[in-house]
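Here's the structure, in structure tokens; my notes come after.
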Amino acid sequence: MAPPGEPFERRTPTPLPPGNPQAGSSADTASVDAVIAALYASVSHPDGQEPDWRRMRNLFLPVGMLVPPKRPGEDAFTVLDVDGFREFFREGMAAAKQRGETNAFYEIEVGRRLDCFGNVCQAFSTYESRRAPSDPKPFMAGINSIQLLNDGQRWWIASVAWDSERPNNPIPAEYRAK
């Protein structure tokens with residue numbers, strides 16, 4: 001990246017031609033609501049399976065990023081593209097399997113605060129994670145900060161950064177309402 005004040009190369013996503021298998025469903029990218037719903041659907045999966053990487057990749061800009069919470073004791077955040085997130089996921093899946101745990105993962109949106117200006121939106125999307133859709137209580141909850149852009153044809157996710165709820169980091173009540 002260029003030093004502050006210097007020009008940088010602008011990258012415009014190249015629209016995929018109709019019929020391209022990577023183009024995915026235009027219904028997934030037609031609105032902010034659709035993109036966020038598709039994001040949650042793409043990451044959710046039963047035991048022994050993985051997220052829908054193809055669908056997820058279609059939601060993100062080619063240089064889109066995912067930023068999980070900083071791990072205790074680490075100095076820097078981990079910043080991943082969709083392919084890097086896939087590897088991050090697979091490492092976690094292998095560790096869970098070694099411990100004899102399920103890798104089933106279902107994440108749903110339970111609240112959202114959305115701010116938009118023109119073709120730019122910022123969503124604070126509160127999530128709950130369960131091992132089965134029917135589980136009465138989530139094993140984890142948190143907030144996804146999702147930055148979205150519209151190129152005049154569709155919505156793209158530029159980035160998703162998130163943090164999980166914990167005793168010293170409760171989710172404020174105003175972020176639980178849709």
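Just so it is clear, none of the values below were taken in a lab; they were calculated from the coordinates. Values in this document were obtained by computation on a predicted structure and should not be read as measured data. For neighbour counting, all protein chains shown are included, and Cβ atoms are generated from backbone atoms with ideal geometry for every residue, glycine included.
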Take peptides 41-50, 141-150 and line them up by average Cβ neighbours within 10 Å, highest first, as a rough protection proxy. 141-150, 41-50
Can you give the longest run of the chain that contains no chymotrypsin sites (Phe, Trp or Tyr not before Pro) sitting in a DSSP loop with at most 14 other Cβ atoms inside 10 Å? 9-76
Round to the nearest 0.05 the FRET efficiency obtained for A76 and T102 when R0 = 25 Å and r is the Cβ-Cβ distance. 0.25
Which one, T126, T102, T29, has the greatest fluctuation when you compute a Gaussian network model over the chain with C-alpha springs under 10 angstrom? T102
Compute the long axis of helix 32-43 from its Cα atoms, compare it with the longest principal axis of the Cα atoms of the chain, and write down the angle in degrees, 0 to 90, nearest 10. 50 degrees
With the chain treated as a Gaussian network of Cα nodes joined by springs under 10 Å, which of P69, P167, P51 yields the largest mean-square fluctuation? P167
Can you classify region 95-178 as rounded, prolate or oblate using the Cα gyration tensor, where a ≥ b ≥ c are the square roots of its eigenvalues, rounded means a/c under 1.5, and otherwise it's prolate if a/b beats b/c and oblate if not? prolate
Using alpha-carbon positions, the gyration tensor of the chain gives root eigenvalues a ≥ b ≥ c; with a/c under 1.5 called rounded, otherwise prolate if a/b exceeds b/c, else oblate, the class is rounded
